[in-house]
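Trainee: Quick one: the structure is below, and I'll ask about it shortly.
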Amino acid sequence: MATQNSDFSDLLHKASGVQDFLRKAVGRLAKRVGSDACSLFLYDHVSQRLTLRATEGLNPKAVGVISLSLEEGLVGLALREQRVVRETQPVNNPQFKLFPEAKEEQFRSFMALPVFKGSTPLGVLALHDRQDKGFDEAQVNRLRDLASSLGAALGDAQMLFDVAQPPEPRTPSPDGPVQRAELIRGRATGDGVALGQAVLLGDGPGNAYLVLPPDVSFHETKSSFQRALKRSLEQIEVLQKETERTLSDVASLIFSTHLLMLKDDSFSGTMESMIGAGTPAPAAVVQVVNQYVEILGKSPSPLIQEKIQDVKDLGHRLLRNLRKIDHPEGDYSGQIVVAEELLPSELVKIAAQHAEGILLFATGASAHVSILAKSLEIPVLFSDDKALFTIREGDFLILDGFSGVSYVNPAPSVTTQFRQLSRHHKEAALQASAVHDKTLTNDGQAIRLLANINLLSDLPVAKRLKAEGVGLYRSEFPFIIRNDFPTEEEQYKVYRKLILEMEGQEVVLRTLDIGGDKVLSYMPPTSESNPFLGLRAIRFSLRNISIFHEQLRAMLRAGHGHELRILFPLISSLDDFREARGHVEDCVRQLAEAKVPHNAHPLIGAMIELPSACEVAGELAQESDFLCVGTNDLVQYLLGVDRTNEAVSNLYTAYHPAVYRTLQRVIRAAVNHDTPISICGEIAADNYMIPFLIGAGIRKLSVNPKLLPQVQNFIEGLSLRNCQVHAEKLVQMGSLAEIHSYLGIEAPTKP
């Protein structure tokens, strides 16, 4: 049986346009849920009204005609009160509003489900049935799951209706003279080197509109545009299928905007009409794209504004396919994307289209974008240098992910040097795959090396490099990248695939860790003055029990027939660990009562990231099944240094007396209670820290999959006895200068 996503993806490919897609989608929904009729009402944020946009079972002539406010009818009630409305004999409800043109009097059961992206309303799905038995809870859950999968495309559809009557095209005024940058410094995430021509995306200064790249020849005729349009459709259909295969945890219809717009008369049809009237094809693409950019930018809806990059991205592809020099992919291969800001979902789209690298204007690398970039194997450079805005479309860039420097139109000798560096880096990565099944110090002590997994696409690398399990699965990334909270069923599929792929090896599933610099685009913005000390990680889960329970049930179901480890992040006390564990027990009871297969006895662990948790490490070790030390946050909280703040970056260091002594106490507490303990932060792959960790008693390290070979190679040159002596020396040292001198490293310089 096909998955929900592939069902809707298939409809997207077959549809002739947005209206056809919506009609087929509601037909599919009616069949899957088991109802005689299904209708879709989309919400317009400007008029604040719901309009019937598609139906299967009601009179099709009512589509686009029926419109109601949130104060009208059971459909309005569902969105106004943000709840499912179910009725038998709905005509007897005083809030029922009859629309004679719909011909809905024949139906005796009714259900309306509001559809949201986070807290932003998209519309309402309404079901009708001729039987008066009503809709049961299973049908509600089925419709909710399907609606979640369809959510991204619904936002795209409303955007197309919003711009169906665009104003006259305008051509953006050219920028004034600027001082050109030759070198841009920043902070890189994801090593490697990227070389390519600049393509400007987003709405930052200098790149608000799509522009024709200089010195490029294009085909200009109507027939050439039609070929480019057909080619673009084929490319995106292939791309959507490929991303659903390789990024199934985060790629739910992520190219729906592209497909719907290419098939929409108000977009591609307008271009074709302009070309028929004498406008060269490239100019028509640029003008129509830019009128959409202007219209979307004025929308009060953040959901609509988010589509600006999709529109520009589509214009870029059409222009690539209109070039006289053939570019068979039509994507970002051979190019570096320059933007002011990118959402995680946008980063996934760009990486899927084979961009060489990304240059972003930002004061610091956010955690989720940094981690995503590493998983997607694309170099990203963050820079707060405003010279970034002087980069022009088509400039040749080199992005050095090792030093954090980007070169603009460098000399040929520099380009040659970096091409060689890029080739050597790729060759070294291939050679690194020759790793041993087990990792032993030179005197025979076994150290287990596991992988930190962010996306399911990390799994092939982890398996190829012989990871002995998954020491940390960061479950928040499907939440961060998607348009809405993934449903229990969607989460279950991700966790189940992860467990099955690891074939009986240890897998640790960490519950949702958002907050700090990892935010959800579909949640209302918070006013927390210090989000790193606010409602994040386990605190968020304990405040949002329904979300927490959905995730726990998905994990428990995924662990059926296998060992299951669930890890709670940011535990601050024995009390919140017990409270969180109690919710696991509640979910086990729920699944047992519903007779749903699950793991009834998961291993429960606490993540040690806070000084308060370190102080009660003995009690936590006694009550938990395992401990995991998240050193990235632990160092931050021990030293009182925001690790994303460039102004104090020199103060963030793991080579600190307090860090060594705290780690030793936590490790001893775990060992004394015979509780397994692992390290999953960046220091687990740090050659200056590994000898200390082994000497202090750590026998399990979890690292980025690509780092497994070098970590193994380093450990194999160590002896346990020497590591123990080394660890004892370090905890006796009281100053940074003493430690730096002993380790032979330079003190970090002030920014």
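The values are calculated or read from the model by the stated rules, or taken from the named source; none is laboratory data. Please read these numbers as outputs of a predicted model, since none were measured by experiment. All Cβ positions, even for glycine, are placed from backbone atoms using ideal geometry, and neighbour counts span all protein chains on display.
Trainee: With (1) outside any loop (DSSP other than H, G, I, E, B); (2) at pLDDT below 95; (3) among the polar types (S, T, N, Q) as the list, and Thr653 as the residue in question, which single condition is left unmet?
Mentor: Every condition holds for Thr653 apart from (1).
Trainee: Identify, by number, the condition in (1) surrounded by fewer than 17 Cβ atoms within 10 Å (Cβ to Cβ); (2) outside any loop (DSSP other than H, G, I, E, B) that Leu98 doesn't meet.
Mentor: (2)
Trainee: What about Val666, is it outside the structural domain of Asp458 (by TED's automatic domain parsing), in a helix (DSSP H, G or I) and touching a strand residue (DSSP E or B) at 6+ places or on another chain (Cβ under 6 Å)? Before the answer, list the steps.
Mentor: Details: outside the structural domain of Asp458 (by TED's automatic domain parsing): no; in a helix (DSSP H, G or I): yes; touching a strand residue (DSSP E or B) at 6+ places or on another chain (Cβ under 6 Å): yes.
For Val666, the condition - outside the structural domain of Asp458 (by TED's automatic domain parsing), in a helix (DSSP H, G or I) and touching a strand residue (DSSP E or B) at 6+ places or on another chain (Cβ under 6 Å) - is not met.
Trainee: Just to be sure, is Pro300 more than 21 Å from Leu11 (Cβ to Cβ) and at pLDDT below 80? Full working, then the answer.
Mentor: Working: more than 21 Å from Leu11 (Cβ to Cβ): yes; at pLDDT below 80: yes.
Spelling it out, Pro300 is indeed more than 21 Å from Leu11 (Cβ to Cβ) and at pLDDT below 80.
Trainee: Can you tell me which residues in the stretch 661-687 are in contact with a Phe, Trp or Tyr (Cβ under 8 Å, 6 or more places away or on another chain) and either buried (at least 22 other Cβ atoms within 10 Å of the Cβ) or under 16 Å from Glu609 (Cβ atoms) (or both)?
Mentor: Leu663, Ile677, Ser678
Trainee: Going through the stretch 81-95 one residue at a time, which ones are buried (at least 18 other Cβ atoms within 10 Å of the Cβ) and either modelled with pLDDT under 90 or hydroxyl-bearing (Ser, Thr, Tyr) (or both)?
Mentor: Within the stretch 81-95, Pro90 is the sole residue that qualifies.
Trainee: If you don't mind, there's one more thing I want to ask. Which of the residues belonging to the stretch 690-710 are modelled with pLDDT of 95 or more and assigned to a helix (DSSP H, G or I)?
Mentor: If the condition is that a residue be modelled with pLDDT of 95 or more and assigned to a helix (DSSP H, G or I), then Ile690, Pro691, Phe692, Leu693, Ile694, Gly695, Ala696 are the ones that fit.
Trainee: Another question, if that's okay. State yes or no: is Leu730 crowded, with 22+ Cβ neighbours inside 10 Å, farther than 21 Å from Leu440 by Cα and over 33 Å from the mean Cα position of the chain (by Cα)?
Mentor: Answer is yes for this residue.
Trainee: May I ask you to list pairs of residues, at least six apart or on different chains, whose Cβ atoms are under 8 Å apart, with the first in the stretch 563-583 being within 16 Å of Arg510 (Cα to Cα) and in the same structural domain as Ile679 (by TED's automatic domain parsing) and the second being assigned to a loop (DSSP other than H, G, I, E, B) and basic (Lys, Arg)?
Mentor: Taking only residues 6 or more apart or on different chains, the pairs are Leu570/Arg536.
Trainee: Could you list all residues from the stretch 711-746 that are touching a residue at least 40 places away in the same chain (Cβ under 8 Å) and assigned to a loop (DSSP other than H, G, I, E, B)?
Mentor: Selection gives Glu716, Gly717, Leu718, Ser719, Met733, Gly734, Ser735, Ile745.
Trainee: Pick out, from the stretch 158-230, the strands (runs of 3 or more DSSP E) lying fully within it that include 2 or more residues that are β-branched (Val, Ile, Thr) and at pLDDT 60 or above.
Mentor: Details: elements: 183-185, 187-189, 193-200.
Correct list: 193-200.
Trainee: Could you grab the pairs with beta carbons closer than 7 Å, sequence gap of 6+ or different chains, first residue in the stretch 601-630 and without any contact (Cβ under 8 Å) to a residue 40 or more places away in the chain, second one surrounded by fewer than 23 Cβ atoms within 10 Å (Cβ to Cβ) and outside any strand (DSSP E or B)?
Mentor: Ile604/Arg581; Ile604/Val584; Ile604/Asp625
Trainee: Out of the residues in the stretch 320-341 meeting the condition of being hydrophobic (A, V, I, L, M, F, W, C) and in contact with a strand residue (DSSP E or B) (Cβ under 7 Å, 6 or more places away or on another chain), tell me which one is modelled with the lowest pLDDT. Write out each step before concluding.
Mentor: Taking the stretch 320-341 first, the residues hydrophobic (A, V, I, L, M, F, W, C) are 322, 325, 336-339.
Next, only the ones that are in contact with a strand residue (DSSP E or B) (Cβ under 7 Å, 6 or more places away or on another chain) stay: 322, 336-339.
Working: Leu322: 91, Ile336: 91, Val337: 88, Val338: 89, Ala339: 82.
Filtering the stretch 320-341 for residues that are hydrophobic (A, V, I, L, M, F, W, C) and in contact with a strand residue (DSSP E or B) (Cβ under 7 Å, 6 or more places away or on another chain), the one modelled with the lowest pLDDT comes out as Ala339.
Residues are listed down the side, and each one gets a yes or a no for (1) under 17 Å from Arg565 (Cβ atoms); (2) assigned by TED's automatic domain parsing to the domain that holds Ile694; (3) in contact with a Phe, Trp or Tyr (Cβ under 8 Å, 6 or more places away or on another chain):
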residue: Val435; (1), (2), (3): no, no, no
residue: Lys438; (1), (2), (3): no, no, no
residue: Leu450; (1), (2), (3): yes, yes, no
residue: Phe477; (1), (2), (3): no, yes, no
residue: Phe485; (1), (2), (3): no, yes, yes
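Trainee: Take the residues in the stretch 519-560 that are modelled with pLDDT of 95 or more and not in a helix (DSSP H, G or I); name whichever of them is farthest from Pro121 (Cα to Cα).
Mentor: Within the stretch 519-560, the match that is farthest from Pro121 (Cα to Cα) is His560.
Trainee: If you don't mind, another one. Output the residue which, of all residues in the stretch 246-273 that are assigned to a helix (DSSP H, G or I), of a type in the set (Ser, Thr, Tyr) and modelled with pLDDT under 80, is nearest to Glu220 (Cα to Cα). Write out each step before concluding.
Mentor: Here is the first cut: in the stretch 246-273, the residues assigned to a helix (DSSP H, G or I) are 246, 256-262, 265-273.
Now drop any that are not of a type in the set (Ser, Thr, Tyr), which leaves 246, 256-257, 266, 268, 270, 273.
Retained after the next criterion (residues that are modelled with pLDDT under 80): 246, 256-257.
Numbers: Thr246: 36, Ser256: 27, Thr257: 25 Å.
Step by step, filter the stretch 246-273, then rank; the result is Thr257.
Trainee: Does Asn704 satisfy the condition of being at negative phi and free of Cβ contacts under 8 Å to residues at least 60 places away in the same chain?
Mentor: Working: at negative phi: yes; free of Cβ contacts under 8 Å to residues at least 60 places away in the same chain: no.
So Asn704 fails the test.
Trainee: Determine whether Thr653 is in contact (Cβ under 8 Å) with a residue 12 or more places away in the chain, surrounded by fewer than 22 Cβ atoms within 10 Å (Cβ to Cβ) and over 26 Å from Ile566 (Cβ atoms). Give the derivation first.
Mentor: Values: in contact (Cβ under 8 Å) with a residue 12 or more places away in the chain: yes; surrounded by fewer than 22 Cβ atoms within 10 Å (Cβ to Cβ): yes; over 26 Å from Ile566 (Cβ atoms): yes.
Here the answer is yes, as Thr653 does meet what is asked.
Trainee: Which of the strands (runs of 3 or more DSSP E) contained wholly in the stretch 43-94 include at least 1 residues that are closer than 16 Å to Val26 by Cβ and either among the polar types (S, T, N, Q) or assigned by TED's automatic domain parsing to the domain that holds Val115 (or both)? Give the derivation first.
Mentor: Details: elements: 49-56, 67-69, 85-88.
Filter on the stretch 43-94 gives 49-56.
Trainee: Okay, next question. Go through the stretch 274-302 and give me each residue that's assigned to a helix (DSSP H, G or I) and over 30 Å from Gln48 (Cβ atoms). So that I can check it myself, show each step before the final result.
Mentor: Taking the stretch 274-302 as the starting set, the residues that turn out to be assigned to a helix (DSSP H, G or I) are 274-276, 281-297, 302.
Passing the criteria: Met274, Ile275, Gly276, Ala281, Pro282, Ala283, Ala284, Val285, Val286, Gln287.
Trainee: Does Leu707 satisfy the condition of being closer than 26 Å to Leu509 by Cβ and surrounded by 24 or more Cβ atoms within 10 Å (Cβ to Cβ)? So that I can check it myself, show each step before the final result.
Mentor: On the way: closer than 26 Å to Leu509 by Cβ: yes; surrounded by 24 or more Cβ atoms within 10 Å (Cβ to Cβ): no.
So Leu707 does not fit the description; no.
Trainee: Take the conditions at pLDDT 90 or above and at positive phi and apply them to Gly34. Does it pass? Let's see the steps before the verdict.
Mentor: Values: at pLDDT 90 or above: yes; at positive phi: yes.
Yes.
Trainee: Further question on the same structure: Given the conditions (1) modelled with pLDDT of 95 or more; (2) farther than 23 Å from Ser678 by Cβ; (3) in a helix (DSSP H, G or I), report the number of the one that Arg578 does not fulfil.
Mentor: (2) is the only condition that Arg578 fails.
Trainee: Just to be sure before I move on: is Asp36 in contact (Cβ under 8 Å) with a residue 12 or more places away in the chain, buried (at least 18 other Cβ atoms within 10 Å of the Cβ) and among the charged types (D, E, K, R) in the structure I sent?
Mentor: When the stated conditions are applied, Asp36 does not pass them.
Trainee: Further question on the same structure: Quick one: which residue in Gly123, Gly64 is touching a residue at least 60 places away in the same chain (Cβ under 8 Å), of a type in the set (Gly, Ala, Ser) and at positive phi? Spell out the reasoning first.
Mentor: Working: Gly64 fails: touching a residue at least 60 places away in the same chain (Cβ under 8 Å).
Matching residue, one of Gly123, Gly64: Gly123.
Trainee: Tally the residues that are of a type in the set (Asp, Glu) and touching a residue at least 24 places away in the same chain (Cβ under 8 Å), restricting the search to the stretch 67-101. Walk me through how you get there before you give the answer.
Mentor: Start the filter on the stretch 67-101 by keeping residues that are of a type in the set (Asp, Glu), which leaves 71-72, 81, 87, 101.
Next, only the ones that are touching a residue at least 24 places away in the same chain (Cβ under 8 Å) stay: 72, 87, 101.
So the answer is 3.
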